[in-house]
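What follows draws every value from the coordinates through simple rules; no lab data is involved. Not measured: the values here are computed from a predicted model. Reconstructed Cβ throughout: ideal geometry from the backbone, glycine too, with neighbour counts over all protein chains shown.
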Amino acid sequence: MKAQDLKAKTPDELRDALVALKKEAFNLRFQAATNQLENTARMRAVRRDVARVKTVLNQKAAEAAK
């Protein structure tokens with residue numbers, strides 16, 4: 001997920017994406033705890049995607065506040 005793609009989305013779409021990413025991170029944590037996780041790099045990618053979504057949401061909120 002790239003920041004450019006996220007900037008084109010509306011805040012509602014971003015919030016939906018954030019919820020989906022957090023659910024995925026939750027499931028990945030459970031898989032890691034039960035030794036069922038095959039792609040450990042996915043945890044890092046999801047965590048960074050969550051940060052990207054939050055950053056873009058904060059940028060959009062700052063723009064709206066101006």
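What angle, in degrees between 0 and 90 and rounded to the nearest 10, separates the Cα long axis of helix 41-65 from the longest principal axis of the Cα atoms of the chain? Taking the Cα atoms of the chain, the angle to 41-65 is about 20 degrees.
Rounded to the nearest 10 degrees, the inclination of helix 11-33 to the longest alpha-carbon principal axis of the chain is 20 degrees. Residues considered: Ala20, Ala33, Ala45. Largest GNM mean-square fluctuation over the chain, using C-alpha springs under 10 Å, is found at Ala33. Packing-based ranking of 22-28, 7-13, 34-40 yields 22-28, 7-13, 34-40, ordered from highest to lowest mean Cβ neighbour count within 10 Å.
At an R0 of 25 angstrom, the distance between the Cβ atoms of Ala65 and Asp5 translates into a FRET efficiency of 0.60.
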